Amino acid sequence: MADFFFHTVIGQILLIVLESLAVLVPLLLGVAYLTLAERKVMAAMQLRKGPNVNGPFGVLQAFADAIKMLTKETVIPSGANRMLFLFAPFLTFSLAMVAWAVIPTGNGLAIANINVGVLYLLAISSLGVYGILIAGWASNSKYAFLGGLRSAAQMVSYEVSIGLVIVSVLLAVGSLNLNDIVLAQRHVWFCLPMFPMFIVFFISALAETNRAPFDLPEGESELVAGFFVEYSALAFGLFFLGEYANMFLMSGMVSILFLGGWLPPLGIAPFTWIPGPLWLIAKILFCLFVFIWVRATFPRYRYDQLMRLGWKVFLPFSLAWMVLSAGFLMVTGLLPGGAG
Amino acid sequence: MNWTLALPEIVLALSGLAILLAGVMQKRGQAFFSCAMMTLLAFVVTGVLVVISPDGTGYSHVFINDGFARFMKVLSLTGAALSLVLSVGYAREMEIDKFEFPVLILFSTLGAMIMASSGNLMTLFVGLELSSLSIYILCAFARDRVGAAEAGLKYFVLGSLASGILLYGISLAYGFAGTLEYAGLQQAVRGSAVLPAGLMVGIVFVLVGLCFKLSMVPFHMWTPDVYQGAPTSVTAYMAGAPKIAAFAVLLRVMAGPFGSMTPQWQLLIEVVSALSMVFGSLAAIPQGNIKRLMAYSSIGHMGYAMIGMAAGTAEGTRGTLVYLVTYLFMNVGAFAGIVAMRRNGRAVTRISDLAGLGRTDPGMALAMAIFMFSMAGAPPLAGFFGKLMVFYAAINAHLYALAAIGIVSSVIGAYYYIRIVKVMFFDTAVPALDRSPVSVSFVSVGMGLVTVFFVVGLGPVATAAQAAASALFR
Amino acid sequence: MMTQIVFYVFAAVLVLSATMVVCARNPVHSVLFLILAFFNAAGLFLIAGAEFLAMTLVIVYVGAVAVLFLFVVMMLDVRFAQMREGVQRYAPIGAAVGGVLLVELIMAFTHWRVAGNIGQITHLVPSSPTRTNTAALGDVLYTHYIFLFQTCALVLLVAMIGAIVLTLRDRPTGRRQNIDRQHDRIPQESLEMLQVPLGAGVAAQGGFLRPHDSYDVAAVPGTYGTEAWRAREAAEQTQTALVVITPAQGAKGQDDE
């Protein structure tokens, strides 16, 4: 059996497909329930009940939404660029999926354990802007276009500080491999020694996923839903799924870079009984809860404030921190050798 | 690693950053003058450091410092400093007196210095980009004027194309030798019995890229429009330091790595040189705008300077270097005159605006006349000696045809230079020009004196050029 | 075998999309094809084992540069007909130049030959199987080529200066806040609490009141609507009036052609 999977071409391909399914199915299920969780959590914070009609505690609400979305008519606005209009949601959705190829859920447990994993993640997350920009342009609508432009500017701006934060993590690890990054946190999670960077990264992740308080691209009060105002039915659903899958991805990145990935908080008995993947899932869920918590708490940023925060606060701060940590590692001799 | 070799560059770069910071800190609109003065100071300090800097190669052979590099660097710094002095009064009148102006000139000069010291094709390219990019911005500095925007854009687009061609040539050379260092390339070229066509194409591309920067015919198309559209003090700068730097790398690359294949590229240089001289002389004749005229004039001058290079000997290189010295001084002087051409607070650039200058402002008319005669190559002014030395080198290298074309075209060229003198002294007077700022008069008088009494300093200049040229042909 | 197939697929798509960049009628499509070309180039890098370069290409060119391209192209109101006016006229020349170049390059590459003594020339980086190419690149970049690395940084700095100096304008209508001041404000300073009698409305009390200094307090002095701005505006109006009386002053610094 193992022979079939490891030594024949068909077996290898089949193995990859199975591995991908093992990641994607839980992910998609998680995305479906994240939408429900968001509504429930926010309802609880606002002293409401939230969806409670479909099934006990509303657990079937996610499926009801899915069926509704699938059975609606796809409306394509006149003057829209049909091909790009339909391409954009697929792009957003599939990018959020392919990024999971490199996320390790246990020691060496990733679909592709590549040497430049963190760069791969950065590359994929920087591509996310295309789905939105193309959707905005192809819709042939002012609101959608404005939303797309806002999003492009916002995501490109915050990517810079995300990159610098990642660089300061890499300085401490000495490798671009995600597996090595997690293993380097065996003694202490990076969120403690690099607490400010952790915060910067998390806030930038909010901006990168267009989540409140940085959800200007879809600003429903002024842009009536922003870049996907013209989308309906399945295409809208794909955007929706893609956005929530991106939240998962960003939470995964936060967990791996700062919260020790699959590692338990302490390497002693009761913690080590729980398998690694469950720890990772728990951390991701915690991050997602914070995502929702932030949304329920803070008002939306004004556009100039958003840009100011990105360029004038985060960028200099993360740059200074990067130089500082490089100097610190150099002076204390903790700098890992460039073997990786 | 001998990092102190690049001390002048490091000092200049750091002072550039400091000046930028100082400019940002000051109140907007008031920073220009102080920043310009600081930049001048930085140029002077760097110049001193260049003169006392030691010989050697550093930074894993990407950086060479020798007599040739020092000569070219001092020349570039001089050109930059003089054109900066020209822009002090001019920038205020043109309302382009932002503190970034001197900073960009500084960085452009830094790029020129790095080019002069290049020991690796990558250094060449990076220095060239640093120098050119600053100039693109400077050309478009008066951003609200259509002419300036056109000049900046045109230069940028064509310059990028030329950079691309240069880079392609460099990569072909790399494909041949597997290294970008001049020493390694030289070794590879010397050691190969048969040189592949790919390397030849690469060398031609490198030549084309550099000839574009020098505005040699047939890569001169951008020159008149850019010279005309750019602010005059920027034009004065463009005609100085960047051309000197481009000549520096051209001489170094052709004498060094590709020196042993002189017969292969010599004809190309001869043709380009001859075309530039002839075209520069003929096309300048119908011009009515003095900045365009200067553009064609500079095309021609680059052609003369290249005669020395075509000779492919140390003597020819010496001739080129002396020619560049004389060109720099008379060119800056002529541009000082053009910068001073203002009537009722507005810049005027037509040749006919100079009519009657001999009566309304005899001092300036005299200075302009000196520069024009010098450019035409009339003895005993500076331009004469430059031409004499390159023609002499060409004849010694048996390039009789090239020397003959040079002499004929300088006779033709004399026509349009002397026409300006005629307009100034013999045409009916138009209303007088405004009084020129002190800094412009200073440059004008200074360059005039240098041009007239160049013969006194010819000995030391020729000795320095000889030392520089022999450093190249060691 | 597999690698070769993948290589030819990437190469073919790269060439095709590069052609489409030039040929596409819609500039937005051109940029999208350009992005496709970048991707395939990254794929070629991956095949060559240069995974760091591949990722950097995607991050820098696709993730940032092409986004800005797309940004600009989408906002431009390009008139295609006008753009294509010259094509007919210049196409033959362009094709001729391109053709000559192509023939030359084919001639050059069919007889390609590296230097005979290439073994004796010193090369900087000995390849080593134990090092990833990311580490190798870093080693060379920050030691041997530190001079070039820093010079490239200066090139980027100059580009940044250029972008600012050529585009930044002080808009007379710009409203900018002094952020620290804005953060320091407390409701007691900026809000006036009124007791409104039931059913009477607020008209009797002068409508909704807003402390008149509320904008000025947090605004950067001199920006739109502040006291300093009003003073300057008034001064400029006087100046304009003077220019109207003496039109001979004219605009400064213009060429006469």
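Some points to look at:
- Based on alpha-carbon atoms, the Kirkwood radius and the radius of gyration of the stretch A:163-205 give Rg/Rh equal to 0.94.
- 222 nm mean residue ellipticity, helices alone, for chain B (DSSP H n ≥ 4; -39,500 (n - 2.57); rounded to 500): -25500 deg cm²/dmol
- Scanning residues 5 or more positions from B:Ser118 or on other chains, those with amide H under 5 Å from its amide H are B:Ile64, with H placed 1.01 Å from N in the peptide plane.
- Here the protein assembly as shown is assigned +1 on the Cβ of each Lys and Arg and -1 on the Cβ of each Asp and Glu. Its dipole about the Cα centre then comes out at about 820 debye.
- Overall dimensions of the stretch B:160-266 as given by Cα atoms, namely Rg and Dmax in Å: 15.4, 51
- Chain A: most fluctuating residue of A:Gly261, A:Gly58, A:Gly252 per GNM, C-alpha cutoff 10 Å: A:Gly58
- Here the stretch C:1-81 is treated as a Stokes sphere of Kirkwood radius computed over C-alpha pairs; at 10 °C and 1.306 mPa s its diffusion coefficient rounds to 119 µm²/s.
- At R0 = 41 Å, FRET efficiency that the Cβ-Cβ distance of C:Thr110 and C:Phe149 yields, to 0.05: 0.65
- Per residue, the convex hull volume that the Cα atoms of the stretch A:1-91 enclose (Å³): 187
- Shape metrics for the stretch B:370-474, restricted to C-alpha atoms - Rg then Dmax, Å: 17.5, 57
- Highest average first, the peptides B:211-218, C:7-14 ordered by how many other beta carbon atoms sit within 10 Å of their residues are B:211-218, C:7-14.
- Shielding of peptide A:135-142 by partners, expressed as the average count of other chain Cβ atoms within 10 Å per residue Cβ, is 1.
- Per residue, the Cα convex hull of the stretch B:12-115 amounts to 84 Å³.
- Of the residues A:Ala135, A:Ala66, A:Gly147, the one whose Cα sits farthest toward the positive end of the charge dipole of the stretch A:10-152, with +1 on the Cβ of Lys and Arg and -1 on the Cβ of Asp and Glu, is A:Gly147.
- Taken over the alpha carbons of the stretch B:260-473 as equal point scatterers, the Debye sum produces base-10 log I(q)/I(0) values at 0.10, 0.12 Å⁻¹ of -0.44, -0.62.
- Label-to-label distance, A:Ser20 versus C:Tyr142, with points set 7 angstrom from Cα along the beta-carbon direction: 3.7 nm.
- Whole-Hz Karplus values for the stretch B:35-50 come out as 5, 4, 5, 5, 5, 4, 4, 4, 4, 5, 4, 4, x, 4, 4, 4 Hz, taken residue by residue from phi with 6.51 cos²θ - 1.76 cosθ + 1.60 and θ = phi - 60°; glycine and proline positions read x.
- Pairs of alpha carbons in the stretch A:19-150 separated by more than 22 Å make up 57% of all such pairs.
- Approximate shape of the stretch A:59-104 as ellipsoid semi-axes (Cα gyration tensor, √5λ), whole Å, largest first: 25, 22, 5
- Residue pairs exceeding 22 angstrom between C-alpha atoms, taken from B:Lys73/B:Lys98; A:Lys40/A:Lys68; B:Lys73/B:Lys213; B:Lys154/B:Lys291; B:Lys154/B:Lys387: B:Lys73/B:Lys98; B:Lys154/B:Lys387.
- Chain A - mean residue ellipticity at 222 nm from DSSP helices (-39,500 (n - 2.57) per run, n ≥ 4, rounded to 500): -22000 deg cm²/dmol
- Modelled label positions at A:Ala64 and C:Cys23, each set 7 Å beyond Cα in the direction of Cβ, lie 5.3 nm from each other.
- Computed about the Cα centre, the dipole magnitude for chain A is approximately 660 debye when only Lys and Arg (+1) and Asp and Glu (-1) carry charge, each at its Cβ.
- Alpha carbon centroid spacing (whole Å) that separates the stretch A:1-62 from the stretch B:141-192: 54
- Computed over chain B, the Cα gyration tensor eigenvalues convert (square root of 5λ each) into semi-axes of 34, 27, 20 Å, ordered from largest to smallest.
- Taking A:Leu192, A:Leu91, B:Leu130 and counting other C-beta atoms within 10 Å, the order from fewest to most: A:Leu192, A:Leu91, B:Leu130
- Descending semi-axes in Å of the stretch B:1-257, equivalent ellipsoid built from Cα gyration tensor: 32, 22, 13
- Under the Karplus curve 6.51 cos²θ - 1.76 cosθ + 1.60, θ = phi - 60°, whole-Hz ³J(HN,Hα) for the stretch B:428-439, x wherever Gly or Pro sits: 5, 6, 9, x, 5, 7, 5, 5, 7, x, 4, 4
- Taking the number of Cβ atoms within 10 Å of each Cβ as an exposure proxy, the fewest-first ranking of A:Phe201, A:Phe317 is A:Phe317, A:Phe201.
- Computed from backbone phi with θ = phi - 60° and the Karplus coefficients 6.51, -1.76 and 1.60, the 3J(HN,Hα) list for the stretch B:93-106 is 5, 7, 6, 10, 7, 9, 5, 5, 4, x, 5, 5, 4, 4 Hz; x is used for glycine and proline.
- With the simple model of a label 7 Å out from the Cα in the direction of the Cβ, C:Glu233 to A:Val290 spans 4.6 nm.
- Based on the Kirkwood approach, the hydrodynamic radius assigned to the protein assembly as shown is 33.1 Å, with every pair of different Cα atoms included.
- Amide H contacts for B:Arg343 (H built 1.01 Å from N in the peptide plane; partners 5 or more residues away or on another chain; cut-off under 5 Å): B:Val348, B:Asp434.
- Each principal axis of the Cα atoms in the stretch A:208-304 has its own extent, and those three values, largest first, are 53, 32, 19 angstrom.
- Sequence-distant residues sharing a close amide H with C:Gln177 (under 5 Å, placed H): C:Val220
We did not get these values from a lab; they are worked out from the coordinates using the rules stated. In this text the structure is predicted, and so the values were computed from the model without any measurement. Don't worry about glycine lacking a Cβ; one is built from the backbone with ideal geometry, like all the others, and counts go over all protein chains shown.
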